[in-house]
Amino acid sequence: MGFCNSCGRPIVKEDYGTNKDGSLNDEFCKDCYQNGEYTEPDITLEEMIVRKTKEMMAKNDRLPETHATAITATFIPGLKRWNPEFQEDYKTL
């Protein structure tokens, strides 16, 4: 099992996104990447962090927001979508 390089969720083959040619892309989940494009191309890193923080808190109501934010704010910026070093790799798939 890997992680989506956009939102960070755990993914297995059934969750993979797709490239322009229809092949599976094991780097991104189907919610974030379809047909070789991000499903939400304009979402910002900060918006993704807030979204994932809220999702974590919804799954565990005892998780303090500061703790959830610390996790997402540390993990998500390191994913390929948000790392300028890798962004060009996913513009032509």
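In a simple Cβ point-charge model (Lys, Arg +1; Asp, Glu -1; nothing else charged), the chain has a dipole of about 280 debye relative to its Cα centre.
The Cα-based radius of gyration of the chain, divided by its Kirkwood radius, gives an Rg/Rh of 0.99. Legend: calculated FRET efficiency, T66 to R9, from the Cβ-Cβ distance at R0 = 25 Å, rounded to 0.05, equals 0.70. Considering only alpha-carbon pairs that sit under 8 angstrom and 6 or more positions apart, the relative contact order computed for the chain is 27 percent. Reported value for the stretch 40-88: 68 Å³ per residue, from the convex hull of its C-alpha atoms.
Using the rule -39500 (n - 2.57) for each DSSP H run of four or more residues, divided by the residues of the chain, the 222 nm mean residue ellipticity is -9500 deg cm²/dmol.
Computed over protein heavy atoms with a 1.4 Å probe, the carbon and sulfur contribution to the accessible area of the chain reaches 52%.
One compactness figure for the stretch 24-68 is 1.41, namely its Cα radius of gyration divided by 2.2 N^0.38 Å. Full extension of the segment from N35 to F75, taken as 0.36 nm per residue of separation minus the current Cα-Cα distance, would add 11.8 nm. Each residue, A58 and T44, gets one label point 7 Å from its Cα in the Cβ direction; the gap between the two is 2.2 nm.
The values are calculated or read from the model by the stated rules, or taken from the named source; none is laboratory data. Just so it is clear, the structure is predicted and the values come from calculations on it, not from any experiment. Here the Cβ is made from the backbone with ideal geometry for all residues, glycine too, and neighbour counts use every protein chain on show. Side chains are part of the model used for accessible areas, which takes the heavy atoms of the whole protein and leaves out ligands, DNA and RNA. Shrake-Rupley method; radii C 1.70, N 1.55, O 1.52, S 1.80 Å.
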